[in-house]
Amino acid sequence: VLSGTARRQVEAATAAGDLSGDAMAEVRRTYGDDGAREIVQALDTELPKQREELRRALETGDRVTLKRFAHTLKSCSLMLGASALGQACEVQERLADEGGADAEALRELMARFERLVQSARSALAAD
């Protein structure tokens, strides 16, 4: 049973279309319980580095890094079954490639990704 905070995190991610029980079940089937936990832990560990990478790239206007950042978030989101978030990241990846990345949109995608990872961690811990 999820705690109140964990339940709210899962509900928020679900409402945003970023976490689905079916997707988490698929991650578990594909990687096993231990593998799923390792993936989520690795993603969680990388969050501070990704936040800093985004901050620096926006500060300097580094299109290559912004594109790589959006690509990484897209891939990781899709790995966790968050297709709506993955698609939003793909749009920003293309925009970054064309020189038109939206700073606010990228910050929001990072925030959504952080909530996704937290929710996935909570969901895995609940079982």
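The values are calculated or read from the model by the stated rules, or taken from the named source; none is laboratory data. Note that this is a predicted model, so its numbers are computed, not measured. As a convention, Cβ positions derive from the backbone with ideal geometry for all residues, glycine included, and neighbour counts pool all protein chains shown. Each accessible area value is taken on the protein alone, full model and side chains, heavy atoms only, with ligands, DNA and RNA left out. Shrake-Rupley method; radii C 1.70, N 1.55, O 1.52, S 1.80 Å.
Of all residues being among the aliphatic types (A, V, I, L, M) and open to solvent by 20 Å² or more (accessible area, probe 1.4 Å) in the range 44-91, which is farthest from Ala125 (Cα to Cα)? Just the residue, please. Ranking the qualifying residues of the range 44-91, first place goes to Val64.
Does at least one position in the range 33-52 carry a residue that is part of a helix (DSSP H, G or I) and more than 19 Å from Val117 (Cα to Cα)? Within the range 33-52, not a single residue is part of a helix (DSSP H, G or I) and more than 19 Å from Val117 (Cα to Cα).
Within the range 93-119, residues that are closer than 13 Å to Gly61 by Cα have Cβ atoms under 9 Å from residues that are hydroxyl-bearing (Ser, Thr, Tyr) in these pairs: Ala96/Thr65, counting only partners at least 6 apart in sequence or on another chain.
Scanning the range 103-126 for residues that are exposed (fewer than 14 other Cβ atoms within 10 Å of the Cβ) and charged (D, E, K, R) returns Glu104, Glu108. Of all residues in the range 84-118, those being more than 10 Å from the chain's Cα centre (by Cα) and polar (S, T, N, Q) number 2.
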